[in-house]
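To keep things clear, I will list the structure first and then write my remarks on it.
What follows draws every value from the coordinates through simple rules; no lab data is involved. Every value quoted in this text rests on a predicted model; they were computed, and no experiment measured them. Every residue, glycine as well, gets a Cβ built from its backbone with ideal geometry; the counts of neighbours run over all protein chains shown.
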Ligand code: AMP
């Protein structure tokens, strides 16, 4: 393996050989010289793709320099290139956006977005993963002697009309040989066998991963999932299923609901009859309080590895409770479009997390509005995240993740924006028309205290009619809202069951005036006050909750068709 990453884009140069010093040196090198690295990255992308239709359309004519690139190429969003992406999805194999064959389509976003992906992109992503543990090892040595209990999952995939696989980026990563056939590395030594991660049935996958994590509890030094929501889901799963799990551990068999033969075989390599372990887990889980359950069951755990920046920060109190305040470590910042950066100070407080841009990952631009970043795979493309520059590592920028632009509600991978919520509410209030009732004001709240979390809408109504509105009408309103939300939300409700039924809480007349009074008492301008369409601040949620007259839940799941593609709005 060459010592230096000479060609910044070729995946073969990316394997840093699991050598911590080399990895840390790589970070030093690329962050000391980001301008030069970025220039090269852009040159390589533009020269490799000089003849692609999209660049030719904008008259780039083989130019590879920054100035011409910025002058000729517009800054775009997903919608701008959706016609090109649709052509690719429909089977046009000519070089439209990229000279290399498109191997896969990552999906993401509030609505499904298809992101054309090439094979070597996975190599680049593997590199970013390979940086994480050498960074961590500087702060918590000895992690190589133990295992990580990570709850990792795949999602269902679909085919585009032209035959490309469309699936979320992590699903394609876990299914790739970069993950499946990774050479033994103490840093990627997980309690979950690959077969349990790759099991498409989410119940079987979770059950078997938890079972393996429990059996190997003393070997576990770190626990986690990609996002905080996924990890909390695992803990709630344990809460609901510990009797079944203990039963399996006691007799050394797997319950018959786990039907996937690969999963059964992989688990049976780990599972033996452990009656004492079963007694121990039973004693812990049957206690009334689940405070510190993570450290009680997995006593050697040093930290919880989950993303708690952005909307995920809503889960911090719950994680603190279950882990007795173990460090919450946010290691990286990534998206379907591109992986961006790593946290070089992983033991810092969640509120202080900053990510350092790794300049080999993509060609980055901070837009003038200083709020969005571009990724070169899609040529001057807006990702749509709001960041704040926090400082520099050598010469590479570090930034705090502030929020995703426009997203108001999120439980897990769903991202609902204000416009979408407004539209859903508009559709649902049609049910009130026959009762001569009108919606005066509304706001929303992502309630993550329930298992799973769910969307709550606070509604204030004016009732002009004489006929009382029956509960079934409000239930219909709940369901109509759910039917109007994007497919990622509906998948979470129907297939993944990671989102609970939507709830409408009717509040007393005058509640929203009280809300405004409260905001003004905190310094909001009367002129500029707008009812927030989503509330997070605990006293405001309390105020609303204290005025609830009645509440209604969606009576059933909304419609969701597996693999049904609905491409569209990016948040
Ligand atoms: P997707 O494109 O569906 O994979 O989602 C990517 C988005 O997830 C990013 O654009 C961010 O909005 C969010 N995200 C990813 N990593 C982080 C992180 N470390 N902190 C906060 N949000 C993140």
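Here are the numbers:
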read-out	value
Overall form of segment 422-465 per C-alpha gyration tensor (a/c, 1.5; a/b vs b/c)	prolate
Listed peptides 120-128, 546-554 by packing density, highest first (mean Cβ within 10 Å)	120-128, 546-554
Ellipsoid semi-axes in whole angstrom, largest first, where each is sqrt(5λ) of the Cα gyration tensor of the chain	38, 33, 23
Highest to lowest packing among 427-439, 411-423, 30-42, scored as the average C-beta count within 10 Å	411-423, 30-42, 427-439
Relative contact order of the chain, pairs being alpha-carbon contacts under 8 Å that are 6 or more residues apart, as %	14
Linear extension gain, residue 247 paired with residue 531, 0.36 nm per residue minus alpha-carbon span	97.1 nm
R0 of 25 Å, Cβ-Cβ distance residue 76-residue 392: FRET efficiency to nearest 0.05	0.35
Segment 197-301 shape via C-alpha gyration tensor axes, a/c threshold 1.5	oblate
As computed over segment 21-119, the Cα convex hull volume per residue (Å³)	137
Ranked by how many other beta carbons lie within 10 Å on average, peptides 54-64, 491-501 from highest	491-501, 54-64
The chain - share of DSSP beta bridges that are antiparallel (%, nearest 5)	65
In nm, spacing of pseudo-spin labels at residue 436 and residue 462 (7 Å Cα→C-beta vector)	1.3
For segment 304-343: rounded, prolate or oblate by the Cα gyration tensor [a/c cutoff 1.5]	prolate
